[in-house]
Amino acid sequence: MISSHNTSKEWKSFRKKLSRLLKDAIRLSEKKDRLASEDFQRLKEKLYSRLDQLLETACNDKDVKRLIKRLHRHRNELFTFLEYNGVSPYNNHGEQQMRKPVIARKITQQNRSHRGAKTQAILMTLFKSAELQNLNPVETVLSLTKNCIDANCDDENEFSMAA
């Protein structure tokens, strides 16, 4: 984990350059529809060039080294939101999707067995899928369960197929 308390000049400088690069990439994504294709491509290539220069930074700080290593590993995914329409530069949506199940798991004091964890994962997936389709999650899962019982489902594979 990268230290949030690192006060070295090297860390602060690297963090500032990376932050500026990411903010510029987000601004470019917001202007994508208003730019000519050639201009957008040129500016995107410039961002990749800046990223590559940043990744070639010689450093002694352990946090900078660790972050550079991670950025190298995920270089091709870093600007996915520039490559594909409809992809957000933020992961907040995914985090919000997981919030309710995580809180529910914490309130119920975790799962007490592997089978319980598996059952909860399946139920949370079914509940969230129903919710995203504007269906009543409880009624939907109840209906799926009744259909599965009526069809004599023997295992989870048959249950998920019934869904």
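The values are calculated or read from the model by the stated rules, or taken from the named source; none is laboratory data. Because the structure is a prediction, the values reported are computed rather than measured. Reconstructed Cβ throughout: ideal geometry from the backbone, glycine too, with neighbour counts over all protein chains shown.
Could you list, in sequence order, all residues of segment 11-45 that are under 18 Å from residue 57 (Cβ atoms) and basic (Lys, Arg)? 12, 15, 16, 17, 20 - these are the residues of segment 11-45 that are under 18 Å from residue 57 (Cβ atoms) and basic (Lys, Arg).
The numbered conditions (1) surrounded by fewer than 11 Cβ atoms within 10 Å (Cβ to Cβ); (2) within 25 Å of the chain's Cα centre (by Cα); (3) not polar (S, T, N, Q) are all true for residue 71 except (1).
Take the conditions (1) within 22 Å of residue 74 (Cβ to Cβ); (2) surrounded by fewer than 10 Cβ atoms within 10 Å (Cβ to Cβ); (3) not basic (Lys, Arg); residue 37 misses just one of them, which is (1).
Here residue 84 meets the list (1) without any contact (Cβ under 8 Å) to a residue 60 or more places away in the chain; (2) crowded, with 16+ Cβ neighbours inside 10 Å almost entirely, failing just condition (2). Annotation note: of 97, 109, the sole residue that is loosely packed, with under 12 Cβ neighbours inside 10 Å and modelled with pLDDT under 90 is 109.
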